[in-house]
Amino acid sequence: MGLHMQNPEHIDPDWARYAETVLSFGGQPPFEVDLRENLTASARAGFRNRGFRRTFAILTAHDPRGRNLSADENSVLQGRLEKELQEAGVRYVRVDACSVDRKHCECSVALDVDQDRALEIAVKYDQMAIFWYDGDCMWLLGAIVRTDPIRLPRSA
């Protein structure tokens, strides 16, 4: 049975904003990556400083299927995800994935797994998509929706 492409906006009207996310990495030194812009050398150095030498994924457990849950509900889901990663021995760091105006942020994790495993985890948590770093640039990959991969920034 073949896979068919889906229109993600039918599930989450905010889909178009995913490519406009600002990733905020804590730790020392903290740094941000605006996915509307090309990656800088300092962003790549920040990835390496966090232990990500090649590829990695960024995903969340917040707001499954694009539904806005309460802060408490999202916290429970994020705790479940992080506990699962710890028990599986998966190395991760926390990342805030925020709208450009910072009015919406989702606690996320950057994790050191291959793309298939990252998508499997995202699907388990009913996530629309993940961000994927291929060693050169960031991508937006559909998880519970089947879409063509989107290279970020979109203008690149």
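What accessible area per residue comes out for the chain, rounded to a whole number of Å², with a 1.4 Å probe? Present the calculation step by step, with values, prior to reporting the outcome.
Working: 8570 Å² over 156 residues.
Value returned for the chain: 55 Å² of accessible area per residue.
Take each complete run of DSSP H in the chain, measure how far its Cα atoms stretch along the helix's own axis, and keep only those covering 30 Å or more with mean Kyte-Doolittle hydropathy at least 1.0; list them.
Values: long enough: none.
Result, helices passing both filters: zero.
Report the charge-dipole magnitude of the chain in Debye, nearest 20, computed about the Cα centre from +1 at each Lys and Arg Cβ and -1 at each Asp and Glu Cβ. All intermediate terms of the calculation are to be shown ahead of the outcome.
Values: 20 positive and 24 negative charges, 78 e Å.
Charge dipole of the chain: 380 debye, to the nearest 20.
Order Trp132, Trp139, most accessible first, counting only protein heavy atoms with a 1.4 angstrom probe.
On the way: Trp132 20, Trp139 65 Å².
Greatest to least solvent exposure: Trp139, Trp132.
Expected output is a single nm value to one decimal: the length gained when fully extending between Glu87 and Asp114, i.e. 0.36 nm times separation in residues minus the C-alpha distance. What is it?
Here the segment from Glu87 to Asp114 would lengthen by 8.0 nm.
Write out the trypsin sites (Lys or Arg not before Pro) in the range 34-140 meeting two conditions: DSSP loop, and at most 15 other Cβ atoms within 10 Å of their Cβ. Display every interim value, and only then the final one.
Details: sites: Arg36, Arg44, Arg48, Arg50, Arg53, Arg54, Arg65, Arg67, Arg80, Lys83, Arg91, Arg94, Arg102, Lys103, Arg117, Lys124; in loops: Arg36, Arg50, Arg53, Arg54, Arg67, Arg91, Arg102, Lys103.
Here the trypsin sites (Lys or Arg not before Pro) that fit, given the DSSP loop and packing criteria, are Arg36, Arg53, Arg54, Arg67, Arg91, Arg102, Lys103.
Take every Cα pair under 8 Å in the chain that's 6+ residues apart, average their separations, divide by the length, and report that relative contact order as a whole percent.
Values: 277 pairs, mean separation 45.5, N = 156.
Relative CO of the chain lands at 29 percent.
Here are some values of semi-axes √(5λ) of the Cα gyration tensor in Å: [x] 23, 20, 13; [y] 21, 19, 16; [z] 35, 18, 12. Which one was computed from this structure?
Among [x] 23, 20, 13; [y] 21, 19, 16; [z] 35, 18, 12, the one derived from this structure is [y].
In whole percent, how big is the carbon plus sulfur part of the accessible area of the chain, probe 1.4 Å, protein atoms only?
The value for the chain is 48 percent carbon and sulfur by accessible area.
In the chain, which cysteines lack any other cysteine Cβ under 4.7 Å from their own?
Result for the chain is Cys107, Cys137, no neighbouring Cys Cβ within the cutoff.
Given only helices, namely DSSP H runs of n ≥ 4 each adding -39500 (n - 2.57), what is the per-residue ellipticity at 222 nm of the chain, to the nearest 500 deg cm²/dmol?
Working: 3 runs with 36 residues, N = 156.
Helix contribution divided over all residues of the chain: -7000 deg cm²/dmol.
The values are calculated or read from the model by the stated rules, or taken from the named source; none is laboratory data. All values reported here derive from a predicted model rather than from experimental measurement. Cβ atoms come from the backbone with ideal geometry, glycine included; neighbour counts cover every protein chain shown. When the accessible area is computed, the model is the full protein with side chains, heavy atoms only, and any ligands, DNA or RNA have been set aside. Shrake-Rupley method; radii C 1.70, N 1.55, O 1.52, S 1.80 Å.
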